[in-house]
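Trainee: Pasting a structure below so you can have a look.
The values are calculated or read from the model by the stated rules, or taken from the named source; none is laboratory data. Because the structure is predicted, anything quoted here is derived from the model rather than measured. Positions of Cβ are generated from backbone atoms using ideal geometry, with glycine treated the same way; all protein chains shown enter the neighbour counts. Only protein heavy atoms, including side chains, enter the accessible area calculation; ligands, DNA and RNA are left aside. Shrake-Rupley method; radii C 1.70, N 1.55, O 1.52, S 1.80 Å.
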Amino acid sequence: SGINAEYGSSGINAEYGGVNKAVRARKEIILTGGAIETPKLLMLSGIGPEDELKKHKIQAVSTLPVGKGLKDPLKMWMRYKTDEKVSVTMDKVTSARSFLQYYFKKDGPWSETLQSQTTVFVDTEGGGKRPNININMLRAVALPNQAEILGVKYELEDVFNAELYDSNTEGFTFIPTLLHPESEGEVRLRGVGIHDPPLVDPQYLSSPRDVKTLLSGIRYVQELVRTKAMSGVASESVPLPGAKGDSDEEWIQAIKQFAFTAGHPSGTCAMGKVVNEDLKVLGVEGLRVVDGSVFPNTISGDYTGVLVAMADKVAHKIRNV
């Protein structure tokens, strides 16, 4: 069970454990559903684009561009084998030695984050204003599957690993990420039921510039691998499934087929359009949105720190009310 709610300015109509409940708010409601669920809940409550509300016969409380302006950065994986014994592999993670290393010394594979050990921000256009590509590096050619270690199987096919080596292959992975996509999507309602998932149309790569920028990130990684420091470590490139060459055209096709979300959607309840500088929903008393949906622009990096800082600032504002 969980709480699924339709938000208004004075309270919440919620379903909890299969039972409908109404909860009144003494001061205000803070919505933190994220860039996908927050616009859905607002539109179900009558806060959204006029045409979308009319389509689903929802009485309008405030007509705002909720769900518009979805920005979702994309990334690619570029994998390389190495002859060095430096990777985080399945055998290393599950070995008794690794357990003892961590237990007694807090060292070894169990002390790894299994995330990025190195990151770099690059302006591939050379303008110098801000980076347009973020490149992370992982010490694994195929990340040890944490779910597999726990005996859980994925329902979705892993197209990246289907034609690759097993998770004990020594290697590393570069992940060039498009930081500031021009492509802009939207979130709409599928239905008026609280359990109906929203319709998400990200419009990935609809801007040709996004494809060009991701390609520039791929070429930058290839330049890194050819440097003196890296060329002696990278023994072999691991091609994407079906890849045969290195031309721009082939990489563009690979980008369109294999680029995937970096997991940082934003912009669907943008500051200045849906909320004000205090993150209060325009035209609705007692309602704030505090999540990534309020970012009017994408940021140059991971969103977690920015979200924590934003939440802290809003918390101070609320306590001073």
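Trainee: What about Lys75, is it farther than 21 Å from Lys280 by Cα and touching a strand residue (DSSP E or B) at 6+ places or on another chain (Cβ under 6 Å)?
Mentor: Working: farther than 21 Å from Lys280 by Cα: yes; touching a strand residue (DSSP E or B) at 6+ places or on another chain (Cβ under 6 Å): yes.
Considered against the rule, which asks whether it is farther than 21 Å from Lys280 by Cα and touching a strand residue (DSSP E or B) at 6+ places or on another chain (Cβ under 6 Å), Lys75 comes out as yes.
Trainee: Against the condition within 25 Å of the chain's Cα centre (by Cα) and more than 30 Å from Ser300 (Cβ to Cβ), how does Leu74 come out, does it pass? Walk me through it before giving the result.
Mentor: Working: within 25 Å of the chain's Cα centre (by Cα): yes; more than 30 Å from Ser300 (Cβ to Cβ): no.
Against the criterion (within 25 Å of the chain's Cα centre (by Cα) and more than 30 Å from Ser300 (Cβ to Cβ)), Leu74 does not qualify.
Trainee: Moving on. If the requirement is being of a type in the set (A, V, I, L, M) and either under 24 Å from Ala311 (Cβ atoms) or open to solvent by 20 Å² or more (accessible area, probe 1.4 Å) (or both), which of these qualifies: Leu53, Leu70?
Mentor: Leu70
Trainee: Condition first: at pLDDT below 95, within 18 Å of Ile318 (Cβ to Cβ) and aliphatic (A, V, I, L, M). Can you find one or more residues in the range 291-301 that meet it?
Mentor: no
Trainee: Any residue in the range 75-89 that is surrounded by fewer than 21 Cβ atoms within 10 Å (Cβ to Cβ), at pLDDT below 90 and under 17 Å from Arg188 (Cβ atoms)?
Mentor: Checked against the condition, which is being surrounded by fewer than 21 Cβ atoms within 10 Å (Cβ to Cβ), at pLDDT below 90 and under 17 Å from Arg188 (Cβ atoms), the range 75-89 yields no hits at all.
Trainee: Restricting the search to the range 81-110, which residues are within 30 Å of the chain's Cα centre (by Cα) and aromatic (Phe, Trp, Tyr)?
Mentor: Residue satisfying the conditions is Trp110 alone.
Trainee: If I ask for residues that are of a type outside the set (Gly, Ala, Ser) and within 21 Å of the chain's Cα centre (by Cα), which ones from the range 190-207 would you list?
Mentor: Of everything in the range 190-207, those that are of a type outside the set (Gly, Ala, Ser) and within 21 Å of the chain's Cα centre (by Cα) turn out to be Pro197, Pro198, Leu199, Val200, Asp201, Pro202, Gln203, Tyr204, Leu205.
Trainee: Take the residues in the range 166-187 that are assigned to a strand (DSSP E or B) and touching a helix residue (DSSP H, G or I) at 6+ places or on another chain (Cβ under 6 Å), then tell me which one is surrounded by the fewest Cβ atoms within 10 Å (Cβ to Cβ).
Mentor: Phe174
Trainee: Does Thr94 satisfy the criteria of being hydroxyl-bearing (Ser, Thr, Tyr) and surrounded by fewer than 17 Cβ atoms within 10 Å (Cβ to Cβ)?
Mentor: So Thr94 passes the test.
Trainee: Of everything in the range 27-39, what is of a type outside the set (A, V, I, L, M) and open to solvent by 10 Å² or more (accessible area, probe 1.4 Å)? Give them in sequence order.
Mentor: Lys27, Glu28, Thr32, Gly33, Gly34, Glu37
Trainee: Among the residues of the range 120-140 satisfying the criterion of being touching a Gly at 6+ places or on another chain (Cβ under 9 Å), outside any strand (DSSP E or B) and of a type outside the set (Val, Ile, Thr), which is most open to solvent (accessible area, probe 1.4 Å)?
Mentor: Per the criteria, the residue is Arg139.
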